[in-house]
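The values are calculated or read from the model by the stated rules, or taken from the named source; none is laboratory data. Nothing here was measured: the structure is a model prediction, and the numbers come from that model. Backbone-built Cβ (ideal geometry, glycine too); neighbour counts: all protein chains shown.
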Amino acid sequence: MNKKNLFDDESMLKILPGKLKEFRKRNGLTIYDVANEVGRNASSISLWEKGKALPDVYILLKLCRLYNLESIEQLLQPTEMDKNALTKGEVELVNLYRGADKKSRDAAKLLLRAAQKEV
């Protein structure tokens, strides 16, 4: 089994931005609070949380201490909530379903149930 490298740029850009924001909010901090604690400006923090830039390892260590995390890996591992997040296609289906009338919603449910039985 080939374990995915949590520290590659693709993983970091996909997972890290949301985690940084999640941990900041969970700790009741503003972007300015975090910037002050790690010695960077608020725009840097904002870029990291938007996935437009990556903090260096030294800053990641400071963030881990700030958020009381044991390792940088905790910032990069998807949680169960991340794994259960809807894909863009699923969001589109939900929105289409919500916008449909009752008859169309019922027909969609029947179609999906029939397709599920075939699998």
Anything in region 47-91 that is exposed (fewer than 11 other Cβ atoms within 10 Å of the Cβ), of a type outside the set (S, T, N, Q) and modelled with pLDDT under 85? List them, or say none. Glu80, Met81, Lys83, Leu86, Lys88, Gly89, Glu90
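Residues checked against (1) part of a helix (DSSP H, G or I); (2) farther than 18 Å from Lys14 by Cβ:
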{"site": "Val34", "(1), (2)": "yes, yes"}
{"site": "Glu37", "(1), (2)": "yes, yes"}
{"site": "Ile45", "(1), (2)": "yes, yes"}
{"site": "Leu54", "(1), (2)": "no, no"}
{"site": "Leu60", "(1), (2)": "yes, no"}
{"site": "Cys64", "(1), (2)": "yes, yes"}
{"site": "Leu69", "(1), (2)": "no, yes"}
{"site": "Leu75", "(1), (2)": "yes, no"}
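Determine, yes or no, whether Lys21 is in contact with a helix residue (DSSP H, G or I) (Cβ under 6 Å, 6 or more places away or on another chain) and part of a helix (DSSP H, G or I).
Values: in contact with a helix residue (DSSP H, G or I) (Cβ under 6 Å, 6 or more places away or on another chain): yes; part of a helix (DSSP H, G or I): yes.
Spelling it out, Lys21 is indeed in contact with a helix residue (DSSP H, G or I) (Cβ under 6 Å, 6 or more places away or on another chain) and part of a helix (DSSP H, G or I).
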Pair list, Cβ < 7 Å and 6+ apart or interchain, from region 21-39 residues that are under 19 Å from Asp56 (Cα atoms) and in the same structural domain as Cys64 (by TED's automatic domain parsing) to residues that are in a loop (DSSP other than H, G, I, E, B) and modelled with pLDDT of 95 or more: Ala35/Asn41
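From the set of residues in region 22-46 that are in contact with a Pro (Cβ under 9 Å, 6 or more places away or on another chain) and among the aliphatic types (A, V, I, L, M), which is surrounded by the fewest Cβ atoms within 10 Å (Cβ to Cβ)? Break it down stepwise before answering.
Within region 22-46, the subset in contact with a Pro (Cβ under 9 Å, 6 or more places away or on another chain) is 38, 40, 44-45.
Adding the requirement that they be among the aliphatic types (A, V, I, L, M) leaves 38, 45.
Numbers: Val38: 19, Ile45: 27.
Looking at residues that are in contact with a Pro (Cβ under 9 Å, 6 or more places away or on another chain) and among the aliphatic types (A, V, I, L, M), I get Val38.
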